[in-house]
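Rule-based calculations on the coordinates, nothing more; no lab input. Computed from a predicted model, the values in this text were never measured in an experiment. Don't worry about glycine lacking a Cβ; one is built from the backbone with ideal geometry, like all the others, and counts go over all protein chains shown.
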């Protein structure tokens, strides 16, 4: 049973949008913006200057600002009570849950590249726990990072070890219609997974609907560029997008990436999934938060 605060908070959340808007200094209901063309998903902390430190107040501000999805990388570390409350709040607001990280401890260093049974076991156990977490928040996608290079092994052996481990994870997730999305990254050079084509190859080898690509445009701009052609090449295995401009990893319009073109392209191709806002705010305070919202309005105007 949920703690007393669940009942209290649920009652407060049902008192009406006007009261919530007054407490959060948010957008009045009569001025609510139209939905975006794509399902952009902020993360907690992005709008704390408007909404305060409470994550549920932040979620309401996201909703009032026109966002229809949420990301929470650290979801598995939250209490069961908070996970259940988050799921209930998302349902109330008609918002979708984006990715959370499958967390088996320090899973970047607990590398699947090694083939070690202890690391594979931790990963499979984390997948099993992720099934329960996903059910509490109605999530469909979970981020997986296979870990660090093992410099003592040839690249082909490391790739084989990753594929075998991911097949075991897919066996856990597939019966529940859940999908782990593999994220190639740029900012930590020791990480094994770095390119979209590399990730495509691994997904093809795993051969499961439960193993797909998380295409983070920021990381792929740094690692390989040629964004739209590479998106097209890997399209069959892309299940999720994240974004951040480069350089700086801030909101669209602050760097070199033409996000309006990219958003138009994936929308035209029929993408109906979530676009995670995996970046910081370029500006500070409330002005910086409003600039983030405006950046998505501009980039979504196609």
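Structure summary
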{"item": "Residue-span extension gain [residue 54 to residue 168] - 0.36 nm each, minus C-alpha spacing", "result": "37.3 nm"}
{"item": "Rg(Cα)/(2.2 N^0.38 Å) for region 136-293, N = residue count", "result": "1.09"}
{"item": "Order by protection proxy (mean Cβ within 10 Å, highest first), peptides 67-73, 292-298", "result": "67-73, 292-298"}
{"item": "Label assignment, volume of the Cα convex hull per residue in Å³ derived from the structure, set (1) 126; (2) 140; (3) 221", "result": "(1)"}
{"item": "Angle between the chain longest axis and helix 155-173 axis [Cα atoms, degrees, rounded to 10]", "result": "50"}
{"item": "Computed [θ] at 222 nm, deg cm²/dmol, the chain (DSSP H ≥ 4; -39,500 (n - 2.57); rounded to nearest 500)", "result": "-14000 deg cm²/dmol"}
{"item": "Nitroxide proxy distance, nm - points 7 Å out along Cα→Cβ at residue 81 and residue 294", "result": "4.1"}
{"item": "Helix 55-64 vs. the chain, principal-axis angle (Cα, 0 to 90°, nearest 10)", "result": "70"}
{"item": "Rounded if a/c under 1.5, otherwise prolate or oblate - region 135-211, Cα gyration tensor axes", "result": "prolate"}
{"item": "Folded to 0 to 90 degrees: helix 4-13 orientation relative to the chain principal axis, Cα", "result": "60"}
{"item": "Within the chain, percent of DSSP bridges classed antiparallel, to nearest 5", "result": "5"}
